[in-house]
Amino acid sequence: VGMNSCMDEIQCAILMRKLDSTLNFDRRMEMKALYDVALGGLGKASPIRWREGNMPHIYPILCRAHQVSLDLADKGVETMRHYPFTLEEEIEHAPSTCPCSYSAARSVLSIPFYPWMTDEEIDYVLGSVREVCR
């Protein structure tokens, strides 16, 4: 199901240099803290907690993903369902035999979380999520 995408040392050195300037780690951690506070205590959604020290690259929430996605789209907020199916459904084209995996696949929704978002965009996304999920 995976692939092996090896790179040589020169490619790695160039990529590491670009990643430092592209990923903006400080901004991501600042945003994570804002999102955690703004979305903690919602009735119909809850943020997925990251382990201490982990760097978030997406911000997933647990909710009724399909309906929340539609409601946020009406407000102009794009969402993504990164893992909409279980591994069994994806590979074997068979119903999932693991109820936890099945439930998670239908409940996890990623909301916009990019280091180049403006403070106004962040406020709009968080306000929209709070409105839809209260």
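The values are calculated or read from the model by the stated rules, or taken from the named source; none is laboratory data. Computed from a predicted model, the values in this text were never measured in an experiment. Neighbour counts run over all protein chains shown; Cβ positions are idealised from the backbone, glycine included. What goes into the accessible areas is simple: the full protein's heavy atoms, side chains included, and nothing from ligands, DNA or RNA. Shrake-Rupley method; radii C 1.70, N 1.55, O 1.52, S 1.80 Å.
A few comments on the model shown:
- Failed condition for Lys18, given (1) closer than 16 Å to Arg130 by Cα; (2) open to solvent by 80 Å² or more (accessible area, probe 1.4 Å); (3) in a helix (DSSP H, G or I): (1)
- Test: residue in region 3-17 that is in contact (Cβ under 8 Å) with a residue 24 or more places away in the chain and more than 19 Å from Glu121 (Cβ to Cβ): no
- Looking only at region 75-93, and only at residues there that are open to solvent by 80 Å² or more (accessible area, probe 1.4 Å) and under 17 Å from Ile122 (Cα atoms), the one that is farthest from the chain's Cα centre (by Cα): Glu78
- Flag for His57 being surrounded by fewer than 14 Cβ atoms within 10 Å (Cβ to Cβ) and either under 30 Å from Asp20 (Cβ atoms) or hydrophobic (A, V, I, L, M, F, W, C) (or both): yes
- The listed residues are Ser69, Ser101, Ser110, Ser96, and the only one of them that is of a type outside the set (Asp, Glu), surrounded by 14 or more Cβ atoms within 10 Å (Cβ to Cβ) and part of a loop (DSSP other than H, G, I, E, B) turns out to be Ser96.
- So Ala45, is it at pLDDT 90 or above, under 27 Å from Met117 (Cα atoms), open to solvent by less than 80 Å² (accessible area, probe 1.4 Å) and out of contact with any strand residue (DSSP E or B) (no Cβ under 8 Å at 6 or more places or on another chain): no
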